[in-house]
Amino acid sequence: SLTSLQVFYVWGNQLTGSIPSLTGLTSLQSFDVDSNQLTGAIPSLSGLTLLQLFYVWGNQLTGSIPSLTGLTSLQKFAVSSNQLTGAIPSLADLTSLQLFHAWDNQLTGSIPSLTGLTSLQSFAVSSNQLTGGIPSVTGLTSLQLFYVWGNQLTGGIPSLTGLTSLQSFDVGSNQLTGGIPSLSGLTSLQLFSVNGNQLTGGIPSLSGLTSLGKLWVSNNQLSGTLPDVSSLGLVELRVWGNSLTGNIPSSYGGLSSLTYLDLRWNALYSTDPVLVSFLNSKQTGGDWQSTQTVAPSNVVATPASPTSMNVAWTPIAYTSDPGSYEVFRATAPGGPYTSAGSTASKTT
């Protein structure tokens, strides 16, 4: 009966039970019940044309995300960290939308079109079970954060050209293919993560990305050489588990701010003892050189029984010096991966 109610905030308590019906509350502008212990479904939002903020994240809600059609005033919508299922509804009408967070649920289906959402600043649907491709983000010039990691997405990474406000981009732990798009002009970019996909090609130029602090491209099929990092203040660099080759540029000796480095399982080298020593001081585990090699070819996994598999490959031609193959396993697509053991030698 509270038809004049505009703002309702009860977040951060220990409330239980379900969210009551909001039907008829046509004056409602802000509704925040996050960080409680609420259960049940999200009620219908139909007719709440003045609604600008809707936060129900951090509860135990079930069911699906209701239709958002007609909510033309909606600016911030967060339903993360619940137990929601079903698909993400259409966002086509939400021309005022600035924030859409639905991470850490059990959502399925595809990511809806984001075309025309020119006010969108933060989009996070990570850690769900979403499939299909990443939609176009062209024209989303206000976009600052884009997180879709930890799903089952396929296809390529869309063009990021023109996203000059973009600060954090994470599409890791999916099944993406193709190459890494150009990062040219992304002068606000601080985090770029494509870990744990099936990407090929090289790492693009990082020239001009003076804000870039974290570059995570591990566990792909990337090739080519490491890009120049002159004038960059990288804090974390993760490139392990690719097929990168060649001499490490001398500019890597200037990464004095590095707190995490992982160069393992590539074919990188350096003949500069000062650079080698510096990289060893930054490398996790302290030794990056002993893992550098060419990748084995013809890797094949076949079922052996209902609970086991055979993994076979053609060993590398280089047999001098000690070494072995380390096998990693994951119980879900994209990881996380843990070591399943090592072979006795690299002739296996």
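Within the chain, what whole-number % of the accessible surface is contributed by carbon and sulfur, with the 1.4 Å probe and all protein chains included in the calculation? Walk me through the intermediate numbers first.
On the way: 8110 of 15760 Å².
C and S atoms contribute 51 percent here.
Tell me the relative contact order for the stretch 1-149 as a rounded percent, counting alpha carbon contacts under 8 Å between residues six or more apart. Before the final figure, lay out the partial values.
Numbers: 428 pairs, mean separation 22.3, N = 149.
After rounding, I find 15 percent.
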Report summary line: The orientation-averaged projected area of the Cα convex hull of the stretch 149-303, in nm², is 9.6 nm²
Query - Furthest towards positive pole of dipole, Thr49, Met309, Ser159, structure part the chain, Cβ charges - result: Met309
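Would you work out the relative contact order for the chain, in percent, from Cα pairs under 8 angstrom that are 6 or more residues apart? Kindly include the intermediate steps, with their values, before the conclusion.
Details: 969 pairs, mean separation 23.5, N = 348.
Reported relative contact order: 7 percent.
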Report task. Take every Cα pair under 8 Å in the stretch 203-348 that's 6+ residues apart, average their separations, divide by the length, and report that relative contact order as a whole percent. Result -> 14 percent
**Report entry** Accessible solvent surface per residue of the stretch 169-240, calculated while the other protein chains remain in place, 1.4 angstrom probe, Å²
**Finding:** 33 Å²
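May I ask for the net charge around Trp149, where only other residues with Cβ less than 12 Å from the Cβ of Trp149 are counted and Lys, Arg are +1 while Asp, Glu are -1? Don't skip to the answer; put the middle values down first.
Details: positive: none; negative: Asp104, Asp170.
Overall, the nearby charge balance is -2.
Per the helix-only calculation at 222 nm, which mean residue ellipticity applies to the chain, given -39500 (n - 2.57) for every DSSP H run of n ≥ 4 and division by its residues, nearest 500 deg cm²/dmol? Could the numbers behind the result be given before it?
On the way: 1 runs with 10 residues, N = 348.
Helix-only estimate at 222 nm: -1000 deg cm²/dmol.
Could you size up the charge dipole of the chain around its Cα centre, putting +1 on the beta carbon of Lys and Arg and -1 on that of Asp and Glu, and report it in debye to the nearest 20?
Here the size comes out at about 180 debye.
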Report summary line: Measure of exposure for Thr314: accessible area at 1.4 Å probe, Å² rounded to 10, is 60 Å²
Query raised in the report: Highest GNM mean-square fluctuation, the chain, Cα pairs closer than 10 Å: which of Ala87, Ala312, Ala41?
Result: Ala312
Requested in this report: Considering only Gly133, Gly253, Gly17, give the residue with the highest GNM mean-square fluctuation for the chain, with springs between Cα atoms whenever their separation is below 10 Å.
Outcome: Gly17
Query raised in the report: Using θ = phi - 60° and the Karplus curve 6.51 cos²θ - 1.76 cosθ + 1.60, what whole-Hz ³J(HN,Hα) does each residue of the stretch 47-56 get, with Gly and Pro shown as x?
Result: x, 8, 6, 9, 5, 10, 10, 9, 10, 10
**Report entry** Scattering profile of the stretch 126-225 at q = 0.17, 0.19, 0.21, 0.23 Å⁻¹ [log10 I(q)/I(0), Debye over alpha-carbon scatterers]
**Finding:** -0.71, -0.90, -1.12, -1.34
Query raised in the report: If one takes the longest principal axis of the Cα atoms in the chain, at what angle in degrees, from 0 to 90 and to the nearest 10, does the Cα axis of helix 273-282 lie?
Result: 40 degrees
Report task. Towards the positive end of the charge dipole of the stretch 231-343, with charges on Cβ (+1 Lys, Arg; -1 Asp, Glu), say which of Gln292, Ser320, Ala340 has the farthest Cα. Result -> Ala340
Query - Antiparallel DSSP beta bridges within the chain, percent to nearest 5 - result: 20 percent
Query raised in the report: Given the options Pro333, Pro315, Pro273, which has the most mean-square fluctuation in a GNM of the chain, springs set between C-alpha atoms less than 10 angstrom apart?
Result: Pro273
Report summary line: With label points set 7 Å from each Cα along the Cα-to-Cβ direction at Val299 and Leu50, the distance between them in nm comes to 5.8 nm
Report summary line: HN-Hα couplings for the stretch 229-246 via Karplus (6.51, -1.76, 1.60; θ = phi - 60°), in whole Hz with x for Gly/Pro, come out as 10, 4, 6, 9, x, 4, 9, 10, 10, 10, 10, 5, x, 10, 10, 6, 10, x
Query - Solvent exposure of the stretch 2-108 as accessible area per residue, Å², 1.4 Å probe - result: 44 Å²
Report task. State the label only: which of (i) 22; (ii) 27; (iii) 39 corresponds to percent of Cα pairs over 39 Å apart computed from the shown model? Result -> (ii)
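The values are calculated or read from the model by the stated rules, or taken from the named source; none is laboratory data. It should be emphasised that the depicted structure is a prediction, and the values quoted were computed from it without experimental measurement. Neighbour counts run over all protein chains shown; Cβ positions are idealised from the backbone, glycine included. Side chains are part of the model used for accessible areas, which takes the heavy atoms of the whole protein and leaves out ligands, DNA and RNA. Shrake-Rupley method; radii C 1.70, N 1.55, O 1.52, S 1.80 Å.
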